[in-house]
Amino acid sequence: MSSSEGVMVKLCKYCPNPLRLYCTICDSGLCSSCVARHLGTETDRGHYVCFYRDRMSAKSIGKYCRKHAANICDYFCISCFKKVCFECLNDELRHTTMSIQALMRQNLKQVQDDMQILSRDLTPKYDAIIEEIDSKIASQTGKINMVPYILERSLNILSPSRLFFYECRKSPNHILDEIEAYLRRVGSMLPPELISISFRVALRKHIIERMLEKLAKRLMNHRFLQKSRLRSKRCLILTKLSDSDFFEEVKSVLGATNMAKNAKHHPKRLPPPKPETVSPLDRSEKEEAIDDVYNNSSHFVVGNNGPVLVITVLAFAHGGNSRMHGIVFQNAHGEVVFDAVTETITQRGSLHCVVTSTSDRRHLLAASDVLMEINLMEKSIKTIRKQDKWKYVDMTCTFSGFLLVIEEGKQLQSHQQDYRVTRCDLNGNILQEIDFVTESLYYPFKIQERINGDMSVLDKSNGNVLVLNASGREEQSYCAHYAENAPEFLPNLILCDKFGNTIIYDKQRSMIQITGKDFGNVCKIQLKKSSLLGFCIDIDDRLVCLCRCKDSGFEIRIYNYMNM
């Protein structure tokens with residue numbers, strides 16, 4: 001028993017944790033972590049565990065017999081699959097029984113044995129296979145294995161048994177079909193057999209992780225551990241996971257997809273890439289008139305799902321506290337392909353707008369509190385959403401076809417700003433509001449989705465790049481460290497590609513840093529005599545940079561950073 005400032009805290013018999021449970025036979029207090037240890041000890045009278053609050057009630061007593069109400073059931077009939085008392089044994093000789101305490105210990109040992117097989121035998125074996133698959137894909141393509149990351153978003157909604165049903169059945173698998181369709185769309189050139197085996201191995205590894213979590217929870221559940229139920233000696237899913245035929249199949253597929261002898265080696269750390277192409281770009285006529293008509297301008301470059309386009313958004317006063325916008329689309333050669341003025345009036349202030357493109361080549365523009373869609377085929381602009389209490393700070397289209405949005409509250413009479421991150425459909429309708437489970441995020445400014453479903457968020461207040469999971473919990477953070485007297489790290493733009501890399505633009509040094517999955521340095525690109533206005537990844541997996549030169553002109557620089 002422990003005390004703190006006069007408050008008495010009763011502790012577990014085996015550890016210093018507060019007790020939640022109570023064994024009425026042994027008169028012992030227990031925590032959830034130690035209940036399996038206690039139930040596994042053999043005593044003459046056995047055990048019966050209940051919640052500590054129920055120790056004085058009827059719930060502290062084992063189940064009474066249905067036929068003989070005065071007796072507590074101490075046996076389990078293997079033939080009838082029900083609890084019986086000692087009088088039941090005298091009434092009916094056909095009962096084949098075993099002690100409930102013996103059955104409980106037998107089932108407890110089975111759970112512990114299953115956990116040991118999963119963690120000690122199967123996990124290392126599947127980890128070695130995954131490492132071999134990743135190495136083979138990296139050596140053949142110079143890219144990371146995307147299948148587990150794509151798969152992860154679909155797996156969490158299914159139970160392990162349902163997951164294994166999809167992997168084992170012979171009929172077409174719609175989850176695998178979706179993965180193959182995605183890989184074809186993003187231009188992955190992997191053999192179908194390698195994609196299939198990577199999918200099956202990642203699926204089985206996920207099943208192992210889910211089963212370990214489930215069994216760990218069962219060992220802390222006193223009701224489950226004391227449930228009188230005869231369990232099979234070997235779980236069917238565990239048998240399938242240990243199937244030697246599957247490992248032989250994996251070995252056969254990996255042996256058949258060996259890389260060619262003259263295949264190019266792709267090192268993890270790449271030298272600074274040189275621009276593949278550099279295209280000068282003139283300002284549009286609308287932007288040339290900015291001093292006379294427009295108040296400000298902002299530039300973007302898109303090209304992830306089609307041709308590279310440079311987007312210029314201009315703003316001009318509309319009277320009072322409102323303004324309108326001019327929008328110009330230019331191709332990589334500087335030719336204007338779209339030129340229009342929005343009819344939507346937004347709140348006047350410093351120009352801040354964001355542009356993103358979807359997989360179906362829709363272009364979405366968020367300016368202040370308004371979300372608009374630009375249709376290049378119909379040469380039209382329409383407003384699809386207008387906010388009452390929030391303004392758009394940043395948004396991006398995710399790999400799964402949704403929008404991640406950072407919004408700032410309209411607190412005109414308060415100096416304290418309020419921010420939120422939401423997941424929306426492509427019309428701006430909120431599907432989920434993500435709570436920050438971190439104290440490290442103060443001023444979210446830029447957001448990108450990582451290939452595994454996590455989010456990279458740039459904090460403008462301190463220059464940190466935080467990685468948050470889908471629930472908003474911080475997973476890791478990144479801040480570049482330079483020499484003591486070097487200029488401060490000042491990230492201004494971030495971009496996540498489908499290979500797990502995070503690309504960060506350091507405005508203070510006019511430098512692009514390409515970091516790997518865990519923010520390990522891959523390469524750096526120094527922009528000389530220019531600053532970066534925006535970047536994107538085109539359909540050929542190249543980095544497209546829109547740069548402003550010192551002579552006030554623009555350049556599009558394309559870096560083939562993944563195939564050095």
Which members of region 191-217 meet the condition of being touching a residue at least 60 places away in the same chain (Cβ under 8 Å) and farther than 20 Å from Lys240 by Cβ?
Pro191, Glu193, Leu194, Ala216
Restricting region 449-469 to residues that are open to solvent by 30 Å² or more (accessible area, probe 1.4 Å) and within 17 Å of Glu407 (Cα to Cα), which is modelled with the highest pLDDT?
Lys460
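Collect the residues in region 338-357 that are at pLDDT 80 or above and either open to solvent by 50 Å² or more (accessible area, probe 1.4 Å) or on the phi > 0 side of the Ramachandran plot (or both), keeping them in residue-number order.
The answer is Asp339, Val341.
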Taking region 100-128 and the residues there that are more than 30 Å from Cys80 (Cα to Cα) and either without any contact (Cβ under 8 Å) to a residue 12 or more places away in the chain or surrounded by 19 or more Cβ atoms within 10 Å (Cβ to Cβ) (or both), the one that is nearest to the chain's Cα centre (by Cα) would be Tyr126
Any idea which residue in region 80-99 is nearest to His68 (Cα to Cα), counting only those that are part of a loop (DSSP other than H, G, I, E, B) and without any contact (Cβ under 8 Å) to a residue 12 or more places away in the chain?
Glu92
With the requirement that a residue be surrounded by fewer than 14 Cβ atoms within 10 Å (Cβ to Cβ) and at pLDDT 80 or above, what does region 57-73 give you?
Lys67
Right, Cys85: surrounded by 19 or more Cβ atoms within 10 Å (Cβ to Cβ), in contact with a strand residue (DSSP E or B) (Cβ under 6 Å, 6 or more places away or on another chain) and at pLDDT below 85 or not?
no
Lys386 is checked against (1) of a type in the set (Lys, Arg); (2) open to solvent by less than 50 Å² (accessible area, probe 1.4 Å); (3) modelled with pLDDT of 85 or more and fails just one. What number does that condition carry?
(2)
Conditions: (1) open to solvent by less than 70 Å² (accessible area, probe 1.4 Å); (2) under 21 Å from Arg105 (Cα atoms); (3) modelled with pLDDT of 85 or more. Gly46 meets all but one. Number of the miss?
(3)
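The values are calculated or read from the model by the stated rules, or taken from the named source; none is laboratory data. Worth saying up front: this structure is predicted, and the values here are computed from it rather than measured. A quick note on method: Cβ atoms are made from the backbone with ideal geometry, for glycine too, and the neighbour counts reach across all protein chains shown. Keep in mind that these areas ignore ligands, DNA and RNA; they rest on the heavy atoms of the full protein, side chains included. Shrake-Rupley method; radii C 1.70, N 1.55, O 1.52, S 1.80 Å.
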